[in-house]
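Chemist: First, the structure itself, so that you have it in front of you.
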Amino acid sequence: MMERVSHIGIMVRDLDRAIESYTKGLGLELEGRKEIPELKLRIGFVRIGPLEIELLEFSDPALPIPKAIRAGHYGLSHVSFEVRHLDQTVKELETRGFTLVEGYPRQGAHGRIAFLIPPHSSEERIELLEVP
C-alpha cells in the first residue's frame, strides 16, 4: 500500500526566516518555492539526501482547508507517504478507522493528495501522495 516516505511537512510562522535557518543554519539545499494562492499558502522545499522537507506558511490558517490540516499549529505537521492508487488507499484506510479530511483528495504541490486523521490521534495528520 505505502511505497515510501515522500516528505515531511513543517508549519512555520515566517517562511523566509525558516528557509534561512534550514539553508544557512543547517546547510540544507533549497530546491524551490511555490505559492498556492487559493489556500494563502507559501511553501519552501529543502532537501537532505533523499528526504524533502516542506516548510509551510499559511497567511490565513482559519480558512477551511488550512484549518483542517492544523495550519495554525507550528512545528511538525505531517508525514507524506507515496501510494499508487490514492482513491483505493483512502477507502481502505477509512475501513481501518482513518478519517478523510474535508476538501480532499485534491491537487497538492507534488500531485494529487489526501490528508487523513489516524484513529489514534485527532491531532495528527497523514498525507497520501499519488504516484504513477
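Readers should treat all values here as calculations from the given coordinates under stated rules, not as data from a laboratory. Everything quoted here is computed from the prediction, not taken from an experiment. Using ideal geometry, Cβ is built from the backbone for each residue, glycine included, and neighbour counts are taken over all protein chains shown.
Chemist: Condition first: in contact with a His (Cβ under 8 Å, 6 or more places away or on another chain) and not small (Gly, Ala, Ser). Now tell me which residues in region 80-122 satisfy that. Talk me through it step by step, then tell me what you get.
Modeler: First pass over region 80-122, keeping only residues in contact with a His (Cβ under 8 Å, 6 or more places away or on another chain): 80, 110, 115.
Passing the criteria: HIS110, PHE115.
Chemist: Taking GLU94 as the residue in question, decide whether it is acidic (Asp, Glu), without any contact (Cβ under 8 Å) to a residue 24 or more places away in the chain and touching a Lys or Arg at 6+ places or on another chain (Cβ under 6 Å).
Modeler: Working: acidic (Asp, Glu): yes; without any contact (Cβ under 8 Å) to a residue 24 or more places away in the chain: yes; touching a Lys or Arg at 6+ places or on another chain (Cβ under 6 Å): no.
No, not satisfied.
Per-residue answers, yes or no, for (1) out of contact with any Pro (no Cβ under 8 Å at 6 or more places or on another chain); (2) under 20 Å from ARG4 (Cα atoms):
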{"residue": "LEU56", "(1), (2)": "yes, no"}
{"residue": "ASP60", "(1), (2)": "no, no"}
{"residue": "LEU63", "(1), (2)": "yes, no"}
{"residue": "ILE69", "(1), (2)": "yes, no"}
{"residue": "TYR74", "(1), (2)": "yes, no"}
{"residue": "HIS85", "(1), (2)": "yes, yes"}
{"residue": "VAL90", "(1), (2)": "no, yes"}
{"residue": "LEU93", "(1), (2)": "yes, yes"}
{"residue": "PHE98", "(1), (2)": "no, yes"}
